[in-house]
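Shown next, in structure tokens, is the structure this report addresses.
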Amino acid sequence: MGLELCVLLLVLGGLPLQVTSTARSFSIDYTNNCFRKDGVPFRYISGSIHYFRIPPAYWKDRLLKMYMSGLNAVQVYVPWNYHEPLPGMYDFAGDRDLEGFLDLVAELGLLVILRPGPYICAEWEMGGLPFWLLARPDIVLRTTHPDFLQAVDAWLAVLLPKIRPRLYHNGGNIITVQVENEYGSYYACDYDYLRHLLSVFRTHLGEEVVLFTTDGLKDSELRCGTLQGLYATVDFGPGVNMTQAFERQRQHEPKGPLVNSEYYTGWLDYWGEPHSTSSAEEVAQGLQKILEVGANINMYMFQGGTNFAYWSGADYKKIYNPITTSYDYDAPLSEAGDPTAKAYAIRAVIGKFQALPAGPMPPPTPKFAYGYVSLPQRVNLLDILGLLSPLQPIRSPIPLTFETVSQAHGFILYRTLLPHDILVPALLSVPNNGVHDLAYVLLNGQYKGTLERDKVSGLEMIGWAGDVLDLLVENMGHINFGANVSDFKGLIHNVTLDSFTLSDWFIYPLDIDAAVAHAWPPAVPTRRGTTGPAFYTGTFTTPGINWDTYVKLPGWTKVLQSLARLRIMSFCH
């Protein structure tokens, strides 16, 4: 099957084109296989940027670098869980100021391809879905399950009215809006769910806006991810046969513009694996081929940024793979926002197809090496348990999940007493892979080892009746892609010593952020030692320079970092 090219030449018969506010439009031309903007054939060259992974002070810098790279649009996800952390509690301020970010995009003359979900993937915590949905244990996510639809409808009734006045035909700069995301990769294949979303989006946004879907190239992905009334687009990287890829789109959209909604400029990283990289030359060559056939393209990512706090997600591909704090993605702009060789290679290719903005690329942000920082204060976590979990512990005969006790992220300490003497080593385990995701095991405050999902299933130990057994369980990120079941966190099954089931648990949800922000350093004796969970504190003085920097921790194994009482990074191995 041949590729049908977008006709970018418009003959006006010598009549001048006058575009007024009343003439603003963005639509699909099924005759000439292209988009039309204000009646004129249009092709977007876009890049993905995530406002939630970049400090607001740098939003404009990153957008300006994207503009100077030759892009005419940006693609933006909206993570539901970032804006509705608890049911009915909405937050669009500060780091979450979506409308402020969109205003900056408009100031720079860039268009927006918006991806509001409700599911976004994005290697983000639970794919953007709020953890509190799992407080209903029988809920079936991304389907017509009544509890899920009720929550989705309430969220979209808040978000989409903010979007409507920003649509292009209403005077804004949003040209297209995606419904769901890569739904064909999900097991449910619930067309009624997609129909419901289509109806909700049309109700809130109107009939004129272009709504679309994005899916991979497999038959099953395009079959289950597409729906009449939603324009079907595809995603693929530079190593894929472009002709065959667009032929797959043509099987579902015989007419209309060719669109690669996610052209991968790099890839994500998993804990314990090398940093993913891709060739700038290969990415640039693939981009040129796509532009040569007149296709529209979004480069995913153009800047990746950072998974601050606990927002990194996890993939599930036979085993659980948590995603790193860094979301550098080997993108054209680095995690720090600096132009790379890949950015300049992309800019050179774009310059062959359209005029580039005049002027140089903005420089990298300044960096400074502040030197070594001594950490003389060491406080054992167990010594400040009352500060980290100020309420009375929850008592339960069985372990309770994070979701059951409304703990969104971070850590829970599970405590019980050994019921009898263990003179011969017994296997401590949580059957059926029941540690979600990493448990630090302590007996009478002494660190004994770890249990880890899909990796370390048991730990031998001895002890005496009445000894205090603690399991400090870390949530390393709800699954954002690849699983067909809900990803509950904590100890999701009973804990056993050989065949004996342990019971009578004291459960301490930890609020480390609150403790660090309001009562640090704690007034407890500093302890010596090098093993087990503990807090290390030190100070350093900046020489009148507040520039970006990197933190290096040679020889450390697992770290939660705070700076100036504001936690800046999550975990690093």
Among the residues of region 320-327, is any out of contact with any Lys or Arg (no Cβ under 8 Å at 6 or more places or on another chain), more than 30 Å from Asn433 (Cβ to Cβ) and in a loop (DSSP other than H, G, I, E, B)? no
Within region 331-354, track down each residue that is open to solvent by 30 Å² or more (accessible area, probe 1.4 Å) and among the acidic types (Asp, Glu). Glu335
Looking at Ser27, is it open to solvent by 10 Å² or more (accessible area, probe 1.4 Å), touching a residue at least 40 places away in the same chain (Cβ under 8 Å) and either in a loop (DSSP other than H, G, I, E, B) or not aliphatic (A, V, I, L, M) (or both)? yes
So Glu335 clears everything in (1) assigned to a helix (DSSP H, G or I); (2) closer than 30 Å to Thr539 by Cα; (3) at pLDDT 95 or above except one condition, right? Which one? (1)
Is it true that Lys342 is of a type in the set (Lys, Arg), closer than 30 Å to Asp454 by Cβ and touching a residue at least 24 places away in the same chain (Cβ under 8 Å)? no
I'd like to know if region 477-491 contains one or more residues that are among the basic types (Lys, Arg), at negative phi, touching a helix residue (DSSP H, G or I) at 6+ places or on another chain (Cβ under 9 Å) and surrounded by fewer than 17 Cβ atoms within 10 Å (Cβ to Cβ). no
Mind listing whichever residues of region 499-532 are free of Cβ contacts under 8 Å to residues at least 12 places away in the same chain and either within 35 Å of the chain's Cα centre (by Cα) or open to solvent by less than 50 Å² (accessible area, probe 1.4 Å) (or both)? Ala514, His518, Thr530
Is it true that Lys218 is open to solvent by 10 Å² or more (accessible area, probe 1.4 Å), farther than 14 Å from Glu182 by Cβ and basic (Lys, Arg)? no
Scanning region 77-89 for residues that are open to solvent by 50 Å² or more (accessible area, probe 1.4 Å) and either modelled with pLDDT under 95 or not in a loop (DSSP other than H, G, I, E, B) (or both) gives Leu86, Met89
Regarding Ala345, is this residue assigned to a helix (DSSP H, G or I) and either at pLDDT below 95 or over 30 Å from Gln407 (Cα atoms) (or both)? yes
Pick from Val524, Val485, Val468: which is at pLDDT below 90, under 26 Å from Thr416 (Cα atoms) and out of contact with any Pro (no Cβ under 7 Å at 6 or more places or on another chain)? Val524
Would you pick out the residues in region 77-89 that are under 17 Å from the mean Cα position of the chain (by Cα) and farther than 22 Å from Gln178 by Cα? Pro85
Taking strands (runs of 3 or more DSSP E) that fall entirely within region 358-450, which contain at least 1 residues that are without any contact (Cβ under 8 Å) to a residue 40 or more places away in the chain and surrounded by fewer than 16 Cβ atoms within 10 Å (Cβ to Cβ)? 422-429
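For (1) open to solvent by 10 Å² or more (accessible area, probe 1.4 Å); (2) within 17 Å of the chain's Cα centre (by Cα); (3) aliphatic (A, V, I, L, M), each residue gets a yes or a no:
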| position | (1), (2), (3) |
| --- | --- |
| Asp91 | yes, no, no |
| Ala106 | yes, no, yes |
| Leu114 | no, yes, yes |
| Ile120 | no, yes, yes |
What is the residue count in region 133-154 for residues that are surrounded by fewer than 20 Cβ atoms within 10 Å (Cβ to Cβ), touching a helix residue (DSSP H, G or I) at 6+ places or on another chain (Cβ under 9 Å) and either of a type in the set (Ser, Thr, Tyr) or more than 15 Å from Val485 (Cα to Cα) (or both)? 5
Only one of these is open to solvent by less than 80 Å² (accessible area, probe 1.4 Å) and modelled with pLDDT under 55: Gly39, Gly2. Name it. Gly2
Can you pull out every residue in region 62-76 that is over 19 Å from Lys37 (Cβ atoms), over 21 Å from the mean Cα position of the chain (by Cα), of a type outside the set (Lys, Arg) and outside any loop (DSSP other than H, G, I, E, B)? Leu64, Met68
Can you spot a residue in region 461-468 that is closer than 27 Å to Leu388 by Cα, buried (at least 22 other Cβ atoms within 10 Å of the Cβ) and either in contact (Cβ under 8 Å) with a residue 40 or more places away in the chain or not β-branched (Val, Ile, Thr) (or both)? no
Scan region 533-548 residue by residue and report those that are open to solvent by 70 Å² or more (accessible area, probe 1.4 Å), touching a residue at least 24 places away in the same chain (Cβ under 8 Å) and within 30 Å of the chain's Cα centre (by Cα). Tyr536, Trp547
Among the residues of region 262-275, how many are within 17 Å of Trp124 (Cβ to Cβ), open to solvent by less than 50 Å² (accessible area, probe 1.4 Å) and out of contact with any His (no Cβ under 8 Å at 6 or more places or on another chain)? 5
Would you be able to say whether some residue in region 102-112 is among the acidic types (Asp, Glu) and within 27 Å of Gly477 (Cβ to Cβ)? no
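The values are calculated or read from the model by the stated rules, or taken from the named source; none is laboratory data. Keep in mind the model is a prediction, meaning the values are calculated, not measured. All Cβ positions, glycine included, derive from the backbone under ideal geometry; neighbour counts span all protein chains shown. SASA here: full protein model, heavy atoms, side chains in, ligands and nucleic acids out. Shrake-Rupley method; radii C 1.70, N 1.55, O 1.52, S 1.80 Å.
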